[in-house]
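Asker: Quick one: this structure, given as structure tokens, is what I'll be asking you about.
The values are calculated or read from the model by the stated rules, or taken from the named source; none is laboratory data. Nothing here was measured: the structure is a model prediction, and the numbers come from that model. Glycine gets a Cβ as well: all are built from the backbone with ideal geometry, and neighbour counts include every protein chain shown.
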Amino acid sequence: MTEHTPSSLIVTFFGAYGRAEAWDGRIPVAGLIRLMGAVDVDPQSVRSAVSRLKRRGLLEPDRVGGAAGYALSEDARQLLADGDRRIYGHPAGGAGDQEWVLAVFSVPESERHKRHLLRSRLARLGFGTAAPGVWIAPARLHEEALHTLRRLGLDTYVDLFTGTHLGFEPTAAAVRRWWDLDAVAKRHHAFLDAHEPVLRAWAARETTPPQEAFADYLRALDSWRRLPYADPGLSPALLPPDWPGGRAAAVFEGLHARLRDAGAQFARSADPTA
């Protein structure tokens, strides 16, 4: 799996707990250091990560309960809200779900930096590459694509179409050109290797200590949150019979159900008003 970097774990914390608790996207430095200590991030690494997140425009200095702290920027809040829809509600396509959305774009040479931004954003949304300048995804992603492209001011460069694949090769073969399914499957297997044993261990336990729950849930969510973007959720009819995506989603859902609320009890310990 991708290494759990301090910056990534802090973003994951805000996504999981930092907006819903009493501090509403604001946390004192001491509280953040305490929480990150539960996932083995030392204080200096927390401070360095916060500095990087400030430079990226995701965190802003703030006062929380009279103490120095940080708050989510408006851009960060929007990014996390967008992520919620995909991370916690990423349905696989149904057996007959073979409608597609196509994104066709043209960017002037004078604005070629936006060409890179477009490609990276479409890839992050789960689009595959059908041809140069033509990206494809399951049609149910078109609303999310519309929202994201408009928010980033990229909609003027893109035309979106919906339709079906009529040939000439079978669609199940075509999707292997459009996406690197082997790479996506490898990421699912890595998630399972790391977190399926954790779920089994919790299933054998009668109690759910908050600090342990927080640590295991934060690590699982930090690993999982990129996967629903890498995997577009294709129809099972288009995937290999041993596709690991459903199993990986079930493991995350099991960890979420068992650990999220218990972990929130520990997260609240960083809130000076709790």
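Asker: Give me the strands (runs of 3 or more DSSP E) completely within the range 95-175, filtered to those with at least 3 residues that are among the aliphatic types (A, V, I, L, M), ordered by residue number.
Answerer: By residue number, 99-105, 134-138.
Asker: Another question, if that's okay. Where in the range 1-68 are there helices (runs of 4 or more DSSP H), lying fully within it, with 3 or more residues that are modelled with pLDDT under 90 and not hydroxyl-bearing (Ser, Thr, Tyr)?
Answerer: 29-37
Asker: Moving on. Just to be sure I understand, how many residues within the range 60-82 are buried (at least 17 other Cβ atoms within 10 Å of the Cβ), of a type in the set (Gly, Ala, Ser) and touching a Pro at 6+ places or on another chain (Cβ under 9 Å)?
Answerer: 2
Asker: Keeping to the range 239-250, report how many residues are in a helix (DSSP H, G or I) and either crowded, with 22+ Cβ neighbours inside 10 Å or not hydrophobic (A, V, I, L, M, F, W, C) (or both).
Answerer: Going through the range 239-250, the residues in a helix (DSSP H, G or I) turn out to be 245-250.
Filter once more, keeping what is either crowded, with 22+ Cβ neighbours inside 10 Å or not hydrophobic (A, V, I, L, M, F, W, C) (or both): 245-248.
Residues flagged as in a helix (DSSP H, G or I) and either crowded, with 22+ Cβ neighbours inside 10 Å or not hydrophobic (A, V, I, L, M, F, W, C) (or both) within the range 239-250 amount to 4.
Asker: Right, another one. List the number of the failed condition for Glu144; all other conditions in (1) touching a Ser or Thr at 6+ places or on another chain (Cβ under 7 Å); (2) surrounded by fewer than 17 Cβ atoms within 10 Å (Cβ to Cβ) hold.
Answerer: Here Glu144 meets the rest and fails (1).
Asker: Give the range 107-127 a look and list any residue that's within 20 Å of Arg85 (Cα to Cα) and surrounded by 16 or more Cβ atoms within 10 Å (Cβ to Cβ), or say none.
Answerer: Arg121, Leu122, Leu125, Gly126, Phe127
Asker: Of everything in the range 147-181 that's aromatic (Phe, Trp, Tyr) and out of contact with any Leu (no Cβ under 7 Å at 6 or more places or on another chain), which residue is surrounded by the fewest Cβ atoms within 10 Å (Cβ to Cβ)?
Answerer: Applying the filter and picking the extreme gives Phe168.
Asker: May I ask you to say which residue of Phe168, Phe191, Phe214, Phe161 is more than 30 Å from Ala264 (Cα to Cα) and in contact (Cβ under 8 Å) with a residue 60 or more places away in the chain?
Answerer: Testing whether each residue is more than 30 Å from Ala264 (Cα to Cα) and in contact (Cβ under 8 Å) with a residue 60 or more places away in the chain leaves just Phe161.
Asker: Out of (1) among the aliphatic types (A, V, I, L, M); (2) closer than 17 Å to Arg258 by Cα; (3) in contact with an Asp or Glu (Cβ under 6 Å, 6 or more places away or on another chain), the odd one out for Leu218 is which?
Answerer: Every condition holds for Leu218 apart from (3).
Asker: Right, something else. Which one is surrounded by the fewest Cβ atoms within 10 Å (Cβ to Cβ), of the residues in the range 45-59 that are touching a strand residue (DSSP E or B) at 6+ places or on another chain (Cβ under 8 Å) and over 9 Å from Pro6 (Cβ atoms)?
Answerer: Lys54
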